[in-house]
């Protein structure tokens, strides 16, 4: 019998909220393992070592992987949908298309529905593009550069690739330039300002002034 947590037990609630759990793998349903393996490797995803019969691939810069193989899921092939996060939706799409991957046009969401092209203000979570694997499993690429408050715990900051770090540095440089315009002073302490800004983007914390 599984242990039960008494309702209103503040101590138990505190413990469960601090339990360190990380999302490791998403299982996707496919009909042809070899065809799917070829497709995801074309995306540039790393092929991991796994037990026989299981294929696991990990997107570059991701802490979470995908798995597929016979008997892993009873879901119908093509029924999965998940999100992929990129820092530059247009650059990501261009790179995939150049590698022979079919990707839908970039669009952005609005109160009136999807609109062609990236968000004019390049707001996080708004610009998207869709790609599908051979079975029709859907991956929605979403451009995120500035996280909503509380989305990342404890101010943890990480960059999955050189291009992600370079993009973050460029955004910090642009923001710091506006900061110096507002203050009318040269900021010799720009490394600390850059660091605070880059952490705030990922954690959703208030950026430096």
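Evaluate the following for residue 132: is it at pLDDT 85 or above and in the same structural domain as residue 91 (by TED's automatic domain parsing)?
So residue 132 passes the test.
Looking at 30, 106, 97 in this structure, which one is more than 30 Å from residue 146 (Cα to Cα), in contact with a strand residue (DSSP E or B) (Cβ under 6 Å, 6 or more places away or on another chain) and assigned by TED's automatic domain parsing to the domain that holds residue 126?
Within the list 30, 106, 97, the selection yields 30.
Could you please let me know if residue 82 is loosely packed, with under 15 Cβ neighbours inside 10 Å and at pLDDT 95 or above?
Answer is yes for this residue.
Got a number for residues in the range 65-74 being out of contact with any strand residue (DSSP E or B) (no Cβ under 8 Å at 6 or more places or on another chain) and at pLDDT 95 or above?
1
When you go through 87, 62 one by one, which is the residue that is outside the structural domain of residue 165 (by TED's automatic domain parsing), in contact with a helix residue (DSSP H, G or I) (Cβ under 7 Å, 6 or more places away or on another chain) and modelled with pLDDT under 95?
On inspection, the qualifying residue turns out to be 87.
Which one of these does residue 43 not meet: (1) under 30 Å from residue 117 (Cα atoms); (2) surrounded by fewer than 17 Cβ atoms within 10 Å (Cβ to Cβ)?
Residue 43 satisfies every listed condition except (2).
May I ask you to verify whether residue 2 is over 28 Å from residue 96 (Cα atoms) and modelled with pLDDT of 95 or more?
no
List pairs: first residue in the range 26-55 and under 23 Å from residue 161 (Cβ atoms), second residue surrounded by fewer than 12 Cβ atoms within 10 Å (Cβ to Cβ) anywhere in the structure, Cβ distance under 8 angstrom, at least six positions apart or on different chains.
Here the result reads 42/99; 42/100; 43/99; 44/99, each pair linking the range 26-55 to a residue that is surrounded by fewer than 12 Cβ atoms within 10 Å (Cβ to Cβ).
The values are calculated or read from the model by the stated rules, or taken from the named source; none is laboratory data. Being a predicted model, the structure only gives us computed values, none of them experimental. Note that we place each Cβ from the backbone using ideal geometry, even for glycine, and neighbour counts take in every protein chain shown.
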